[in-house]
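Notes to accompany the following structure.
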Amino acid sequence: MRNWARGRGFFAGMAYLNVEGAIKHYGATTALNGVSFTVAKGEFFTLLGPSGCGKTTLLRSIAGFSQLSAGRVTLDGTDLLAVPPHKRDIGMVFQDYAIFPHLTVADNVAFGLKARKIAASEISDRVAEALATVRLSALSERLPAALSGGQQQRIGIARAMVVKPRLLLMDEPLSNLDAKLRLDLRDEIRDIQRTIGIAAIYVTHDQEEALAISDRICVMDSGSIEQIGTPQQIYGQPATRFVASFVGTMNLFAPAAFGLPDVPGVAQWALRPERLRLAEAGASDDSSFAGLVEHFTYLGREAHLTVQAQGHRLVAQIAAPPADLAIEAGREIQLSFDRADLQAFDAAGRRVRTERVA
Amino acid sequence: MSAVAFLAGRGGWRPDFWTLVAVAAWAILIVLLLIPLGLVLVSSVRDESGELTLANWQRLFTSARYFNALVNTLIVGFGGLAGALLLGSVMAFCMARIQIAGGRFVSIMAILALVSPPFIGAYSWIVLFGSGGIVRQTLMGWGIFMPPIYGLWGILIVFAFKFYPYVYLLTSGALANVNRSLEEAAENLGLTPFQRVMKISFPLVLPALSAGGLLALIHAIADFGTPRLLGRGFNVLATEAYTAYSAEIGSNLGMATTLSLVLILMSMIFVFIQRYMSRRNVYHSNLINRPEKIRLRGFASVAAHAAVYFIALGGAMPAIIAAIYSVRKTNGPVFQPGFGLESYSRIIATLGDVVRNSLLFSGASVLLIVVIGTLIGCLVARRNTAHSSLLDATLMVPYVMPGIVVGVAFIAAFNTPPLVMTGTAAIIILSVFIRRLPYAVRSSAAALRQVGPSVEEAAISLGYSPVQAFLKVTIPLILPGIVAGAMLSFVTAVNELSSSLVLYVGGTITMPVKIYIAINDGDYGTAASLSTILLVLSGSAIYLAFRLLGRDERALL
């Protein structure tokens, strides 16, 4: 509860971007089903969800590339939907980079400044500064075709940031990059955003990326918001079973399994893999149980176990596994967990607050 | 998606502009395509007094003459297809998979074959293998009998060498893109080389092979010049349609239009068959391992080189012969021993207006094609509606219309009020324009789809209005493609014969028409030198296109 309060408190009462009742129909399908949220000045806000959940549609509606069927969007108190896209002053970073292939790196970055009729000397200063920020100064006269995906996306970021837009939108900017680069650029984006202090909306389907980069995350599914909260809230206190399973891995099991009491209103229990422990053989507290190992995967800093127990398949994650830990498939092992770590969901998949299942 | 915002934009003049483009596009198609085609249909079921009659259609099937032409058209169509497939696939396989010395030279020869002015092909074959042909005469002198190259076999040989580049260019591209790992996997799974080719490589290149074959087939049934010159009594629909239209006495427009309709129907049926075939056979695979070219040794290498050079030189031979004959010494229409530039000086002295007509008409139609084709291409590529699909589908019609049919249709439509254009330059320009428009629309739509909407959106998000974004980002990106397309349209326009032949009058005569007339008059020196000028013009345009596009011969198709 403390995290929740902190997350709210930090940006509370500073609604900068305000989306109210956003609805979007494509023919018979509904891409957005009444979505409302606010983003504060300087906040890094992430829309997270599986593909087709409406997050990109929402982002493009804010940018003006797609028109909402109904709803209101205001930025700094003014109605955004009445403004044509090119006058919204909203920076955008694209999934496919959208770098102009016929312009040099420097001209790409200067492109938006030229539209704003800024003096040539100032343009060159600001371009140089932006390129230095994304560490591309040495490549300023190159054509983009010769650059890697990571470099192209850096141009995209510099190009969007250099005009000092009122809001920065990023549509899965890292999804076309390879894993290592994704991590580096992720941190860079976060640093740059903090330094400039711009409000940013970031779209991704990668839950780890969302947890790592965001001030707040908005988890979406099928055109609706499932939960808005800080990364800690989203991971630690998922509001729905969808959020619980989509963000991280979750073991789900039936109400009466593993000797748990039948609590009224609870349709399903959930437990994070890292909350399952290897127990001493023969230990018999009331939350320990025996299971049959299906897979054991050693990953160095952690190990993953897939275990069949009482008709459920559970995943356990063992941090810092000892070097001699080797569990072959088919072996029976003893696992345990703290009941305090359990989360409960009702039949509709909503979180049920249960005070200490004793 | 920006396209939606872009085209459907909020207020301003933009939606009106694109609606205007759509309206203009339909107006053009209705006036230049649908009305002429409708009148062709009407004229084929009317007699001289304007009564409704099926007499023309009846004659098509009852008169031995027209029925023969119908059968003959199918024969030369499929014969040309078979020849082009044979030569084209041999060439494609050798060039894509075997190291051939002088590969660059070979592909230039293939391009020469493709852009050789019409007629000159048939004429050059006559020069070598006709009754008085040099090669035939020489062989006869050695006591070897050789039949002259007239009739069906002559036509088929010319078609095979003329149309093989369609198959070759498409198939070699596909063959070079078959992932080598697939063939290795097949080999690894125990298939013999022959099984491997039949079960893996062949199905993968089949779409390209059938597309190339279709082009050969459509061009073969539409070809007018070759059967006209080489047929000697072997008539096809295109020649009969021209004869029916142009006969001095008893010109029969009704019969000409009936034959034209049969030609269009035939082309359309073949297009649909090919589309159906390749729709079921489109495979996507990643290209990690490019196929390697094998180095052959000994006899196999000699055989491969012989095959490739035989085909390449055979195809380019008409162009080469024309170039040589253009600098032979002439006295009037008669060739003299030795070389000289009389033919060219005669062109400069008397045929300047013909050259000027050709350049003027081609330039004008290319300008129209580029401007209107690009606009319609934008519409088709960015506005994905039922309406734009219908527009795209309608544009397929001129794609399959033989030139002679366009000519006859334009006569049917524009010879009487309200719009009289016969005898003007406009009618020739517009006939070339409507035939080539589908290519321009498709190529600009394809270029636009390659650019993708997100760069335009990026420009808009940076503060440029949609129109500015289009002008500053999209246009520069598709411009090389548009100019290259214009060059290729110019090649088609400047070489266009069959529709101009129906539409020309004394003052609007063009180079290809003049070549046809010169050959008929026995004035071969003039024909050869005009052909050479055409070749040089086409060659320069293609060189320019390749400089802009990167060298990709497939763009020529």
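Derivation of every value follows stated rules applied to the coordinates shown; laboratory data play no part. Everything numeric here is computed off the predicted structure, so don't read it as measured data. With ideal geometry, Cβ positions are generated from the backbone for all residues, glycine too; neighbour counts draw on all protein chains shown.
Taken along its principal axes, the alpha carbon cloud of the protein assembly as shown reaches lengths of 113, 66, 63 Å, longest axis first.
Shielding by partners for peptide B:447-460, expressed as the average number of C-beta atoms from other protein chains within 10 Å of each residue's C-beta, is 5. Counting only Cβ charges, +1 for Lys and Arg and -1 for Asp and Glu, the dipole size of the protein assembly as shown around its Cα centre is about 1320 debye. An oblate overall shape is assigned to the stretch B:54-319, the ratio a/c of its alpha-carbon gyration tensor axes (a ≥ b ≥ c) being 1.5 or greater and a/b not exceeding b/c.
Here the spin labels are modelled as points 7 Å beyond Cα on the Cα-Cβ line, and at A:T30 and A:S224 they lie 0.8 nm apart.
For the stretch A:76-195, rounded, prolate or oblate, judged on the Cα gyration tensor with a ≥ b ≥ c (square roots of eigenvalues), a/c < 1.5 rounded, else prolate if a/b > b/c?
oblate
The simple spin-label model puts a point 7 Å past each Cα toward its Cβ; for A:D206 and B:L390 those points are separated by 4.6 nm.
Computed packing ranks the peptides B:454-464, A:106-116, A:301-311 as B:454-464, A:106-116, A:301-311, most packed first, by mean other Cβ atoms within 10 Å. Counts of other chain beta carbons within 10 angstrom of each beta carbon in peptide B:466-475 average 2.
Close lysine pairs were tallied over chain A: pairs 8 or more places apart or on different chains with Cα atoms under 15 Å apart number 7. Packing-based ranking of B:78-85, B:22-29 yields B:78-85, B:22-29, ordered from highest to lowest mean Cβ neighbour count within 10 Å.
Of the residues B:M255, A:H205, B:N415, the one whose Cα sits farthest towards the positive end of the charge dipole of the protein assembly as shown is B:N415 (charges of +1 on Lys and Arg Cβ, -1 on Asp and Glu Cβ, taken about the Cα centre).
Report, in cubic angstrom per residue, the convex hull volume of the C-alpha atoms of the stretch B:138-263.
So the per-residue Cα hull volume is 160 Å³.
Remark: the stretch B:342-356, residue by residue, has Karplus-estimated 3J(HN,Hα) of 4, 4, 5, 5, 5, 4, 5, 6, 10, 10, x, 5, 5, 4, 5 Hz, where x stands for each Gly or Pro and the curve is 6.51 cos²θ - 1.76 cosθ + 1.60 at θ = phi - 60°. Which listed residue (B:I111, B:A303, B:L215) has the Cα farthest towards the positive end of the charge dipole for the stretch B:54-319, taking +1 on Lys and Arg C-beta and -1 on Asp and Glu C-beta about the Cα centre? It is B:A303, whose Cα lies furthest towards the positive end. The equivalent ellipsoid that matches the C-alpha gyration tensor of the stretch A:117-165 spans semi-axes of 19, 12, 9 angstrom, in descending order.
In a fully extended conformation the segment linking A:L143 and A:A254 would gain 34.1 nm over its present Cα-Cα distance, using 0.36 nm per residue. How do A:T230, A:T104, A:T249 rank when sorted from fewest to most other Cβ atoms within 10 Å of their own Cβ? The fewest-first ordering by Cβ neighbours comes to A:T249, A:T104, A:T230. If you look at the Cα atoms of the stretch A:2-246, you get an Rg and a Dmax of 17.9, 55 Å. Across the stretch B:419-557, the relative contact order, built from alpha-carbon pairs under 8 Å that are at least six residues apart, equals 29 percent.
Qualifying chymotrypsin sites (Phe, Trp or Tyr not before Pro) in the stretch A:249-318, where qualification requires a DSSP coil assignment and no more than 12 other C-beta atoms within 10 Å, are lacking entirely. Ordering B:L375, B:L390, B:P402 by Cα displacement along the dipole of the stretch B:300-418 toward the positive end leaves B:L375 in first place; charges were set at the Cβ atoms of Lys, Arg (+1) and Asp, Glu (-1).
Based on the alpha-carbon gyration tensor of the stretch A:213-314 and its eigenvalue square roots a ≥ b ≥ c, which shape applies: rounded if a/c is under 1.5, prolate if not and a/b is larger than b/c, or oblate? Because a/c hits 1.5 or more and a/b fails to exceed b/c, the stretch A:213-314 counts as oblate. Fewest-first ordering of B:T416, B:T508, B:T424 by other beta carbons within 10 Å of each residue's beta carbon gives B:T416, B:T424, B:T508.
Over chain B, dividing the summed -39,500 (n - 2.57) contributions of all DSSP H runs of at least 4 residues by the number of residues returns a 222 nm mean residue ellipticity of -24000 deg cm²/dmol.
Available extension along the chain between A:T354 and A:E294 is 18.4 nm, counting 0.36 nm per residue and deducting the alpha carbon span. Partner shielding of A:113-126 amounts to 1, given as the average count of beta-carbon atoms from other chains within 10 Å of each residue beta-carbon. Each label point was placed 7 Å from the Cα along the Cα-to-Cβ direction; for B:L359 and A:S51 their separation is 5.5 nm. As a proxy for reagent exposure, B:I376, B:I200 were ordered by neighbouring Cβ count within 10 angstrom, fewest first; the result is B:I200, B:I376.
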